[in-house]
Amino acid sequence: MTALTGTGGLIRLILRRDRILLPAWVVWIAVIPLGFVGATETLYPEAADRLQYALTTGTNPTFLALYGPMYGTDLGSIIAQRSGFIPVVVGLISALTVVRHTRTEEEAGRRELLGATVTGRGAALAAALIVTFAANLVLAALLTAGLAGQGLPVAGSLAFGLQ
């Protein structure tokens, strides 16, 4: 028996247990920047409006602390700047997902039940990491497709999706 024996079964178990929660957070996080695109187009329809926004946020210390500096005045730059919290949220939810399927299982005593079956030592961690990584890849694909579908450049949409 190797250290990863039983990983496939544990992946199926995690997917079954998170069949509502995992897709919900992926879709929720993917929808937020897409909503920003429509709202930003409505609020700042002209290039002069977006330039004024960039000047305002670039000189306001509070905006700089919350959102960071602007790197352009086009629609994609504004969306990327306003959505700067997305990688933080993705990191937190990813960490919580892995903890939920490793440490929480151990504390609840379910890890010992799984350990009594034919599973390797690292199977639970490997399964949690694989499922979390797959969810992050789906999120990146949704963000890239959604932003490119809203008319933003594909290269920038891909960079935003992979951040």
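Residue check: THR144 meets all listed conditions (1) at pLDDT below 90; (2) within 30 Å of THR57 (Cα to Cα); (3) among the polar types (S, T, N, Q) but one, namely (1).
The single condition among (1) surrounded by 13 or more Cβ atoms within 10 Å (Cβ to Cβ); (2) part of a helix (DSSP H, G or I); (3) not aromatic (Phe, Trp, Tyr) that THR73 does not satisfy is (2).
Taking THR102 as meeting all but one of (1) surrounded by 12 or more Cβ atoms within 10 Å (Cβ to Cβ); (2) modelled with pLDDT under 90; (3) more than 30 Å from GLY122 (Cα to Cα), write down the number of the exception. If we test THR102 against (1) surrounded by 12 or more Cβ atoms within 10 Å (Cβ to Cβ); (2) modelled with pLDDT under 90; (3) more than 30 Å from GLY122 (Cα to Cα), just (3) comes out false. GLY91 fulfils the conditions (1) farther than 16 Å from LEU13 by Cβ; (2) under 12 Å from the mean Cα position of the chain (by Cα); (3) surrounded by 15 or more Cβ atoms within 10 Å (Cβ to Cβ); (4) at pLDDT 90 or above except for a single criterion, (3). In region 1-60, the residue that is farthest from LEU147 (Cα to Cα) out of those that are of a type in the set (D, E, K, R) and more than 24 Å from the chain's Cα centre (by Cα) is ASP49. Of all residue pairs spaced 6 or more apart or on separate chains, those with beta-carbon atoms under 7 Å, a first member in region 57-80 that is of a type in the set (S, T, N, Q) and a second member that is not in a helix (DSSP H, G or I) are THR57/MET70; SER77/MET70; SER77/TYR71. Restricting attention to region 4-63 and to residues that are aromatic (Phe, Trp, Tyr) and touching a helix residue (DSSP H, G or I) at 6+ places or on another chain (Cβ under 6 Å), the residue that is modelled with the lowest pLDDT turns out to be PHE63. Checking each residue in region 116-150 for being touching a residue at least 60 places away in the same chain (Cβ under 8 Å) and surrounded by fewer than 20 Cβ atoms within 10 Å (Cβ to Cβ) picks out THR117, VAL118, GLY120, ARG121, GLY122, ALA126, ILE130, VAL138, LEU142, GLY146, GLN150. Given the criterion of a type in the set (Ser, Thr, Tyr) and in contact with a Phe, Trp or Tyr (Cβ under 6 Å, 6 or more places away or on another chain), identify the matching residue among THR57, THR144. THR57 is the lone residue from the list that is of a type in the set (Ser, Thr, Tyr) and in contact with a Phe, Trp or Tyr (Cβ under 6 Å, 6 or more places away or on another chain). Applying the criterion of being assigned to a helix (DSSP H, G or I) and either touching a strand residue (DSSP E or B) at 6+ places or on another chain (Cβ under 6 Å) or in contact (Cβ under 8 Å) with a residue 40 or more places away in the chain (or both) to the residues of region 18-30, the residue that is farthest from LEU125 (Cα to Cα) is ALA30.
The values are calculated or read from the model by the stated rules, or taken from the named source; none is laboratory data. All of these numbers come straight from a predicted model, not from anything done at the bench. As a convention, Cβ positions derive from the backbone with ideal geometry for all residues, glycine included, and neighbour counts pool all protein chains shown.
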